[in-house]
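A.B. asks: First the structure, then my questions, so here it is.
Derivation of every value follows stated rules applied to the coordinates shown; laboratory data play no part. This structure is a prediction, so every number in the text was calculated from the model and none was measured. Note that we place each Cβ from the backbone using ideal geometry, even for glycine, and neighbour counts take in every protein chain shown.
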Amino acid sequence: MSRSPTDRSSWTRRAGFILAAVGSAVGLGNVWRFPFQAGQEGGAVFVLLYLCFVLLIGVPAMLVEFTVGRRTGRGPVGALAEFGGGAWRYLGGLFILIGFLILSYYSVVAGWVLRYVVGSVTGGYAGQSETYFLDIATGFDALAFHAIFMALTVAIVALGVRRGIELAVTVMVPAVVFVVLALVVYAWTLPDAGVAYEYYLSPDFSLLASDWRSIVPAAAGQAFFSLSIGMGVMITFASYLDEERNLLVDTGIIVAIDTAVAFLTGLFVFPILFTAGVGPADPGPGAIFVALAGAFADIPAGSVVGVVFFGMFAIAALSSAISIMEVVVSFGIDEFGAVRRRTAAVTGVAMFLLGTPVALLSSQRQPIFVTLYDTLAAQILLVSGGIVLMILVAWIGADRAMAELRRGIHSPGILPRVWIWLVRIPVIVVLLVTLALAVGDYWSFLTGDFADFLGL
Ligand code: TRP
């Protein structure tokens, strides 16, 4: 195994690890994907299920990634090989693949965000928020901003974890929380806030009865996506740890911040959407942009609010993108002794190309492609990655994982044992069920909407 000690960095400050993990978790998943999924999957019922998945599955899963990462000091591929031995190593390829797939379209959507930063400055979307989105979301603009975003990601990853990631995230976390809170207060004053809160906060359980086959896997996928679990990001970040941190406390902090940002985002996005007349059902991947830009064009000092909001959103997306690319790049460094800078550049180009179809499709076709990439990544691949890690940790490496969790917790008591048993049966069973539902759902998408799209 070739390891290159100079390229493998570690955190400079105690807070570096938490900041990077929060920076990874908070991103498009909170502000773009969460309201988009909640709108599509029935509102409050989805939100409730998502919160259950975060607590009952997200927390144990994050602990699985942290313990494996700190124990082995390796990324997902190396960690699987070391923890499980032999054939497990090949499963590591899954994590690298997921990274390529996610970042390819993530960067297209993040490119839209960058475009909106510019649009806020120039006033480009004032009075025409809908046509503006249709103009910029596909074609040359989309491709150009996809390229810019990818280049920024490559640049930061090339600088290395210490300088790049920690710096980016230290600025981002407080900024995000501040802007989000301000928007929640603003949205509360909107005329349709009441109806929106009702849709967002009071669950209609009859929807669950009729649509659970798509709501359940969507909520599980969202929990994984938003917390950045299932592809080894948290393994990689924990591998840079050498101190005896209390991983349980860290997990609590990261999960609480990420979930709070998503929940608060819903509190301002839905009032804006409802007031703008976009309506709850099926807002689509562009609705957040249309609605927010419409609102910013409408309020006093809206262009300043717009710059701040989209600017903060772009930084949040960037710190998440960095984390995804870091997994792929550290894989190259650890397993092939590759040079950080060159690996980052090559990875960025490959991901850019994979995302190109999403950026170039016409606007009627684009949502189908977003679904094609995004549902596969979140609901099927991330959940599969999670299941693989959980089986390995809870059934094969349980003693090592429990020992690792105890390190840094003063009096762990029965906690590690409860955790392992929670993962061993209930968590794995629930995830297998959501995976089966997701595969069924995706199959009907492929043979339905997607087949229609292809003209089959
Ligand atoms: N969690 C990030 C978001 O909410 C996206 C992300 C970063 C991610 N790293 C990940 C998703 C790893 C899945 C796996 O935007």
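A.B. asks: Taking neighbour counts of Cβ atoms within 10 Å as a proxy for exposure, in what order, fewest first, do Y106, Y442, Y240 appear? Could you put the intermediate results ahead of the total?
C.D. replies: Numbers: Y106 30, Y442 18, Y240 21.
Taking fewest neighbouring Cβ atoms as first place, the list is Y442, Y240, Y106.
A.B. asks: Once amide H atoms are placed 1.01 Å from N in the peptide plane, what residues at a sequence separation of 5 or more from G139, or on another chain, have their amide H within under 5 Å of its amide H?
C.D. replies: L360, L361
A.B. asks: So what J values fall out for segment 430-447 if you push phi through Karplus, 6.51 cos²θ - 1.76 cosθ + 1.60 with θ = phi - 60°, rounded to Hz, Gly and Pro as x?
C.D. replies: My calculation for segment 430-447 gives 4, 5, 5, 5, 5, 5, 4, 4, 5, 5, x, 5, 5, 4, 6, 5, 4, 8 Hz in order.
A.B. asks: Show the residues, 5+ positions off or on another chain, whose built amide H is closer than 5 Å to the amide H of D192.
C.D. replies: Hits under the 5 Å cutoff: T275.
A.B. asks: If you project the alpha carbons of segment 133-209 onto their three principal axes, what span does each projection cover, largest first, in Å?
C.D. replies: Projected onto the principal axes, the Cα atoms of segment 133-209 cover 49, 34, 32 Å.
A.B. asks: Order these by the 10 Å Cβ neighbour count, fewest first: V423, V346. Mind dumping the intermediate values first?
C.D. replies: Details: V423 24, V346 15.
Ordered from fewest to most neighbouring Cβ atoms within 10 Å, V423, V346 come out as V346, V423.
A.B. asks: Convert each backbone phi in segment 43-57 into a coupling constant with the Karplus relation 6.51 cos²θ - 1.76 cosθ + 1.60 (shift: θ = phi - 60°), then list the ³J(HN,Hα) values in order as whole Hz, x for Gly and Pro.
C.D. replies: Going residue by residue, I get x, 4, 4, 4, 4, 4, 5, 4, 4, 4, 4, 4, 6, 7, 10 Hz, with x marking Gly and Pro.
A.B. asks: Using the Kirkwood radius over C-alpha pairs as Rh, can you work out the diffusion coefficient of the chain via Stokes-Einstein at 10 °C, viscosity 1.306 mPa s, in µm² per second? If you can, show how the numbers build up before the last one.
C.D. replies: On the way: Rh = 22.0 Å.
My calculation gives 72 µm²/s for D.
A.B. asks: Quick one: Karplus J couplings for segment 235-247, per residue in order, coefficients 6.51, -1.76, 1.60, θ = phi - 60°, nearest Hz, x for Gly and Pro?
C.D. replies: Residue by residue, segment 235-247 yields 5, 4, 4, 5, 5, 8, 8, 10, 8, 8, 7, 7, 5 Hz.
A.B. asks: Let me ask something else about it. Hey, can you grab everything whose amide H is under 5 Å from the amide H of I299? Only 5+ residues off in sequence or another chain; H modelled, so Pro and N-termini drop out.
C.D. replies: Placed amide hydrogens put nothing under 5 Å from I299.
A.B. asks: On to the next question. Sort R406, R417 by Cβ crowding within 10 Å, fewest neighbours at the top.
C.D. replies: R417, R406
A.B. asks: Take the alpha carbon atoms of segment 25-103, find their center, do the same for segment 431-456, and report the distance between the two centers in whole angstrom.
C.D. replies: 21
A.B. asks: Hey, with R₀ at 35 Å, roughly what FRET efficiency would D242 and L415 work out to, going by the Cβ-Cβ distance, to 0.05? Could you put the intermediate results ahead of the total?
C.D. replies: Working: r = 23 Å, r/R0 = 0.65.
After rounding to 0.05, the efficiency reads 0.95.
A.B. asks: While we're on this one: Run the numbers on the chain and let me know its relative contact order in percent, using alpha-carbon pairs under 8 Å that are six or more apart.
C.D. replies: Result for the chain is 35 percent.
A.B. asks: Could you tell me the calculated FRET efficiency between R341 and V118, based on Cβ-Cβ distance and R0 = 22 angstrom, to the nearest 0.05?
C.D. replies: 0.20
A.B. asks: Helix-only mean residue ellipticity at 222 nm, the chain, DSSP H runs n ≥ 4 weighted -39,500 (n - 2.57), per residue, nearest 500. What is it? Walk me through the numbers on the way to the answer.
C.D. replies: Values: 22 runs with 333 residues, N = 456.
Result for the chain, helices only: -24000 deg cm²/dmol.
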